[in-house]
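Let me begin by presenting the structure, written as structure tokens, before commenting on it.
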Amino acid sequence: MNRARPQAASGAGFTLIEVMLTLVIMAGIMVTITQILNAARTSRDAIHNIQEQQLAGPAILQQLENDLRALTVYDRDPRFALRIENRVLSGFEADSIDFVCTTDGLLPFREHAGDRFRRADVNEVGYHLRPNPTSDDFLELYRREDFGVDDKPFEGGEFAFLHDRVKAFEIRIYREDGVDAEPVESWGDAGSEFVGLPARIEVELVLELAPRLVREQLVVTHSTVTYKRVFRFPASLAQAQELGVVPVIPRIAKPAVNTESKPQEPPPADSR
């Protein structure tokens, strides 16, 4: 009996060319997905940095405006009402401002005896910059606060950190309010003719977006954001400064006593 030999099935399995082509297609798909994910992470970090700076810049200027709105000239010498210095640090505009305001203390003051903290209703406040110790490309911004008021209102106190990537902090001072007014360099310095309160000031704060780590890779951005704020001092402050009101404890004279006068006798009682 003749048995038919089974023939080998043709076309079973993949050829080497088909396998290599499949691997190339899968590699291309993986590369494309990786590029899309990296672009999404970069966009996320850029949005995060922009949001962070948009919150930091306005918050700093709003705190400065709140302090300026609480500026007080009551019982203050015009020479110590406000001081604005034109300074340059590491090639960057680094102006400073100091004054006395009625803003409640933000930095608690520890008493010498015990662990009790106190806050003053009237404080010395200032905004100062210094070079960034970790980078020569930036400045650091601090808010100065001194408990109460002493005979040196523009010195001393504690410093609270505000920002470490400042490119410029410039304050323009105007004696008069108007479009044709010219700014002056400084205000309230020792021996300066400009003392008291100006008509308005313009503050310009420039911050650079901070880099962020993405899976241990540093995403570097070099874009800056500029914030501006114009502040006009109320006319009531200028009038109070011109009046120069000084608190004085009133002295009340004692009433004169007449030793010669006799006390009046009570009227006689009714006999009826």
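The values are calculated or read from the model by the stated rules, or taken from the named source; none is laboratory data. The shown structure was predicted, so the numbers you read here are calculated from the model rather than taken from an experiment. Neighbour counts run over all protein chains shown; Cβ positions are idealised from the backbone, glycine included.
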*Under 6 Å between Cβ atoms, at least 6 apart or on separate chains: pull out the pairs that start in segment 188-213 with a residue that is at positive phi and end on any residue that is part of a strand (DSSP E or B) and modelled with pLDDT of 90 or more.*
Gly188/Leu82; Gly188/Arg83
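Across segment 158-180, what is the total count of residues that are out of contact with any helix residue (DSSP H, G or I) (no Cβ under 7 Å at 6 or more places or on another chain) and in contact (Cβ under 8 Å) with a residue 40 or more places away in the chain?
Of all residues in segment 158-180, those out of contact with any helix residue (DSSP H, G or I) (no Cβ under 7 Å at 6 or more places or on another chain) come to 158-161, 164-180.
Subset that is in contact (Cβ under 8 Å) with a residue 40 or more places away in the chain: 158, 160, 165-171, 173, 177.
Result for segment 158-180: 11.
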*Could you count how many residues in segment 182-191 are surrounded by fewer than 15 Cβ atoms within 10 Å (Cβ to Cβ) and at pLDDT below 90?*
3
*Give me a count of the residues in segment 169-181 that are crowded, with 19+ Cβ neighbours inside 10 Å and of a type in the set (A, V, I, L, M, F, W, C).*
3
*Quick one: which of Leu197, Leu139 is among the aliphatic types (A, V, I, L, M), surrounded by 14 or more Cβ atoms within 10 Å (Cβ to Cβ) and at pLDDT 95 or above?*
Leu139
_Sole residue being under 24 Å from Gly188 (Cα atoms) and either out of contact with any Gly (no Cβ under 9 Å at 6 or more places or on another chain) or crowded, with 17+ Cβ neighbours inside 10 Å (or both), chosen from Val166, Val149_ = Val149
*State whether one or more residues within segment 68-90 are of a type in the set (Lys, Arg) and assigned to a strand (DSSP E or B).*
yes
*Mind listing just one residue for me: the one in segment 165-206 that is β-branched (Val, Ile, Thr) and not in a strand (DSSP E or B) and, of those, farthest from Asn86 (Cα to Cα)?*
Val179
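Condition test on Gly126, is it under 16 Å from the mean Cα position of the chain (by Cα) and either in contact (Cβ under 8 Å) with a residue 12 or more places away in the chain or closer than 24 Å to Val73 by Cα (or both)?
Details: under 16 Å from the mean Cα position of the chain (by Cα): yes; either in contact (Cβ under 8 Å) with a residue 12 or more places away in the chain or closer than 24 Å to Val73 by Cα (or both): yes.
When the stated conditions are applied, Gly126 passes them.
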